[in-house]
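The values are calculated or read from the model by the stated rules, or taken from the named source; none is laboratory data. Just so it is clear, the structure is predicted and the values come from calculations on it, not from any experiment. Here the Cβ positions follow ideal geometry from the backbone for every residue, glycine too, while neighbour counts run over all protein chains shown. In case anyone asks, the SASA skips ligands and DNA or RNA and just uses the protein heavy atoms, side chains included. Shrake-Rupley method; radii C 1.70, N 1.55, O 1.52, S 1.80 Å.
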Amino acid sequence: MQVHPTAKAGMIFWGMGVSQHVHGTNNSRCLISLALMCGHVGRPGTGLHPLRGQNNVQGASDAGLIPMFLPDYQNVTDDGVRSLFQEIWETDDFSSEKGLTVVEIMDSVHEGTIKGMYILGENPAMSDPDLN
């Protein structure tokens, strides 16, 4: 990777290996710090862009298909956020409990709590780091 300290604009893109590495959080923080030190955040043509590993996972995440968030990454446990979505969606209250992450789902399968799944558009054997 080359970084030119006098560049007017610069972007950092990285793949899943950087953030999902055993030191992924620190790897990401270092890239964020680099962009901040070089002044490449918050202006056109600058920024940080972690690239996702599966088809449209970013769009699905933005739309609220993460088990603990509603659209726009708003927390499902926030009563004010939920009441806003109740009004928009013209629905009664819905659960304020966070859903299971992929890892928690797989743990629940092994524990026998989840006995079946219907999976569409993803292959956990290809995308999850621990096939076993």
- [ ] Please list, ordered by first then second residue, the pairs with beta carbon atoms under 7 Å, 6 or more apart or interchain, first in the stretch 114-126 and open to solvent by less than 70 Å² (accessible area, probe 1.4 Å), second assigned to a loop (DSSP other than H, G, I, E, B).
- [x] 121/55; 125/131
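Each row is one residue, and each column tells you yes or no for (1) closer than 25 Å to residue 121 by Cα; (2) open to solvent by less than 70 Å² (accessible area, probe 1.4 Å); (3) modelled with pLDDT under 85; (4) not acidic (Asp, Glu).
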{"position": "6", "(1), (2), (3), (4)": "no, no, yes, yes"}
{"position": "26", "(1), (2), (3), (4)": "no, no, no, yes"}
{"position": "37", "(1), (2), (3), (4)": "no, no, no, yes"}
{"position": "70", "(1), (2), (3), (4)": "yes, yes, no, yes"}
{"position": "79", "(1), (2), (3), (4)": "no, no, no, no"}
{"position": "87", "(1), (2), (3), (4)": "no, no, no, no"}
{"position": "102", "(1), (2), (3), (4)": "yes, no, yes, yes"}
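Residue under question is residue 76, and the condition is that it be among the β-branched types (Val, Ile, Thr) and within 14 Å of the chain's Cα centre (by Cα); does it hold? Break it down into steps so the answer makes sense when it comes.
Values: among the β-branched types (Val, Ile, Thr): yes; within 14 Å of the chain's Cα centre (by Cα): no.
Against the criterion (among the β-branched types (Val, Ile, Thr) and within 14 Å of the chain's Cα centre (by Cα)), residue 76 does not qualify.
Could you please give the count of residues in the stretch 85-110 that are outside any helix (DSSP H, G or I) and either of a type in the set (Lys, Arg) or free of Cβ contacts under 8 Å to residues at least 12 places away in the same chain (or both)?
Looking only at the stretch 85-110, we keep the residues that are outside any helix (DSSP H, G or I), and these are 90-101.
Still in the running and either of a type in the set (Lys, Arg) or free of Cβ contacts under 8 Å to residues at least 12 places away in the same chain (or both): 90-93, 98.
Going through the stretch 85-110 one residue at a time, the tally reaches 5.
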- [ ] Of the conditions (1) touching a Phe, Trp or Tyr at 6+ places or on another chain (Cβ under 8 Å); (2) closer than 23 Å to residue 122 by Cβ; (3) open to solvent by less than 70 Å² (accessible area, probe 1.4 Å); (4) of a type outside the set (Phe, Trp, Tyr), residue 51 clears all except one; give me its number.
- [x] (3)
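So is residue 72 of a type in the set (Asp, Glu), in a helix (DSSP H, G or I) and in contact with a helix residue (DSSP H, G or I) (Cβ under 8 Å, 6 or more places away or on another chain) or not? First the steps, then the outcome.
Numbers: of a type in the set (Asp, Glu): yes; in a helix (DSSP H, G or I): yes; in contact with a helix residue (DSSP H, G or I) (Cβ under 8 Å, 6 or more places away or on another chain): yes.
For residue 72, the condition - of a type in the set (Asp, Glu), in a helix (DSSP H, G or I) and in contact with a helix residue (DSSP H, G or I) (Cβ under 8 Å, 6 or more places away or on another chain) - is met.
In the set 25, 113, which member is outside any helix (DSSP H, G or I) and either more than 16 Å from the chain's Cα centre (by Cα) or not charged (D, E, K, R) (or both)?
Working: 25 fails: outside any helix (DSSP H, G or I).
Matching residue, one of 25, 113: 113.
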